[in-house]
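Here is the structure we will look at, set down as structure tokens.
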Amino acid sequence: MAELLESTMLVCFGLSWPMNLSKNIKAKSAKTMSLQFILLIIAGYIAGICAKFYNHKFNYVLVVYLLNLVVVSANLVVYFINLHYDRQAQKAGTQLCKELSGNADTSADAARTAHADKPINSLRNSQGEDEMEKYRELNSITEAGGVVLFGSNTFASLPVGELTQAFRITEPIYNRSVKDIRLSQIESYLKVCLYDLNPRKIFVNMGDVDIMDENVNVKDFISKYEWLLYMIHTKTQAAIYIVSIVSESPAAQKINEQLRKLAAQTGCKYVDAVSALESRRPTLRLFELLKVHMRNHPINFADAMEVGTLSNRRKADAPNDKQKSPEPDMDVVYARH
């Protein structure tokens, strides 16, 4: 009986390790792992196995000890693999910063362009500082563990307060988006917009401003996006959702394809929101797509009934091919280049 209880304890304790292993593999970062803790657990299992050999008790309990040791050891291997990923990402980020800095210093054309755009950039910086001051004040009354929307124009245009009331969402949702911001400008905003909130989930929607540049470099954009995800991964414990660029632009389509792959590679989740463009009420449709991932509880009967109601509403709102669609009640200004 004692051996049965001991094996039950080991099974219950050991079930958490495969889940932890899967999470660490998807994260591709060792920032959330503790080498000391893993080694301590391994030492404990080895001690238990040695005790069985010492007492000559070769039974099914020993098998459970060995299985647990194997899974924990796998976590140790993943730790060093993820540590290698962290070093590569840090090296890539440092190299990217050097390249950007070097291009700014050596290119005369870039210098002239920067000089010409100085009034516009100064205005944007001033607007960004005002926005950050407002967010700092709001952060003092927020709850930890909420949902944060972080992006540029598409997210900045969302009336989150009205939408959360309309959809009867109880989880705290905060919009920390900055209008007219490009992906290369966001690093200085991350602390106020994300880190200080200690969120449970983060929805990132960047690129609607970047694709306004006809010569946008998709590879460079994705590299910067990956660096953004790395910074968020290392500073928060939040689940990250990459929201597609809501645009019919060919550049947006190419970027969205790469963002889907990037989400799979970095352990994030991808939300395809382009279908919002097909709706007469794109704001409502976009938020409905996000809402599915915002909930912090399993779907219940009331939620299922609400989804059915919204589905019927979408059908009723669908434009008739023979009639011109009326203007939506509220809309988001999407890029359609």
Problem set entry | Criterion violated by Ala264 - all others in (1) assigned to a helix (DSSP H, G or I); (2) touching a helix residue (DSSP H, G or I) at 6+ places or on another chain (Cβ under 8 Å) satisfied | (2)
For this session: Name the one entry in Ser247, Ser275 that is in a loop (DSSP other than H, G, I, E, B), in the same structural domain as Leu149 (by TED's automatic domain parsing), among the hydroxyl-bearing types (Ser, Thr, Tyr) and farther than 23 Å from Gln88 by Cβ.
Result: Ser247
For this session: Please indicate, with yes or no, whether at least one residue in the range 90-102 is in contact with a Phe, Trp or Tyr (Cβ under 6 Å, 6 or more places away or on another chain), closer than 26 Å to Leu262 by Cβ, modelled with pLDDT under 75 and surrounded by 11 or more Cβ atoms within 10 Å (Cβ to Cβ).
Result: yes
For this session: Please find, among Met294, Met330, Met305, the residue that is at pLDDT below 90, in the same structural domain as Leu158 (by TED's automatic domain parsing) and closer than 18 Å to Ala156 by Cα.
Result: Met294
Problem set entry | Verdict on Ile42 being at pLDDT 80 or above and more than 13 Å from Val78 (Cα to Cα) | yes
Problem set entry | So Asp196, is it touching a residue at least 12 places away in the same chain (Cβ under 8 Å), acidic (Asp, Glu) and in contact with a Ser or Thr (Cβ under 8 Å, 6 or more places away or on another chain) | no
Exercise. Take the residues of the range 205-227 that are aliphatic (A, V, I, L, M) and touching a helix residue (DSSP H, G or I) at 6+ places or on another chain (Cβ under 7 Å): which is surrounded by the fewest Cβ atoms within 10 Å (Cβ to Cβ)?
Worked result: Val218
For this session: Report whether or not Leu69 is part of a helix (DSSP H, G or I), under 17 Å from Cys12 (Cβ atoms) and not assigned by TED's automatic domain parsing to the domain that holds Leu229.
Result: yes
Seminar exercise, completed: Taking the range 187-204 and keeping only residues that are closer than 21 Å to Glu133 by Cβ and either among the small types (Gly, Ala, Ser) or surrounded by 21 or more Cβ atoms within 10 Å (Cβ to Cβ) (or both), one is left with Ser188, Cys193, Leu194, Leu197, Pro199
Exercise. In the list Ser244, Ser249, Ser279, which residue meets the criterion of being surrounded by 15 or more Cβ atoms within 10 Å (Cβ to Cβ), more than 23 Å from Val160 (Cβ to Cβ) and either among the polar types (S, T, N, Q) or at pLDDT 95 or above (or both)?
Worked result: Ser249
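Yes or no, residue by residue, for (1) out of contact with any helix residue (DSSP H, G or I) (no Cβ under 6 Å at 6 or more places or on another chain); (2) at pLDDT 80 or above:
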{"site": "Lys28", "(1), (2)": "no, no"}
{"site": "Ile46", "(1), (2)": "yes, yes"}
{"site": "Ala51", "(1), (2)": "yes, yes"}
{"site": "Phe58", "(1), (2)": "yes, no"}
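The values are calculated or read from the model by the stated rules, or taken from the named source; none is laboratory data. Bear in mind the structure is a predicted one, so any value in this text is a computation, not a measurement. Glycine gets a Cβ as well: all are built from the backbone with ideal geometry, and neighbour counts include every protein chain shown.
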